[in-house]
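Presented below is the structure to which this report refers.
The values are calculated or read from the model by the stated rules, or taken from the named source; none is laboratory data. As the structure is a computational prediction, the values presented were derived from the model and not from experiment. All Cβ positions, glycine included, derive from the backbone under ideal geometry; neighbour counts span all protein chains shown. When the accessible area is computed, the model is the full protein with side chains, heavy atoms only, and any ligands, DNA or RNA have been set aside. Shrake-Rupley method; radii C 1.70, N 1.55, O 1.52, S 1.80 Å.
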Amino acid sequence: MKKTKVKCPVCGIEFDPRIPFKHINEHHQHASDHELARIRDARRSCYGQPKPARQVSASLRPSSMIIKRHQIKKITAR
């Protein structure tokens, strides 16, 4: 069941997670990106939504995850 009130992790005041914009405008007008992210995470947690996964490009992945063409061996019948 969805919650109708969530405690703000930044200021401790309860707010309605359906309209976080109202709470942010009233209490966090000059909040940093980090503080806004904490408020977003609190809202997501009450709805059971996980934090979105970051997309990592192939060039930034560890080299062990990248399979190179010459590493693949062909299986031949004997």
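If the condition is being within 15 Å of Cys46 (Cβ to Cβ) and modelled with pLDDT of 90 or more, then the stretch 14-28 contributes Glu14, Phe15, Asp16, His23.
Return the only residue of His70, His34 being open to solvent by 70 Å² or more (accessible area, probe 1.4 Å), modelled with pLDDT under 60 and not in a loop (DSSP other than H, G, I, E, B).
His70
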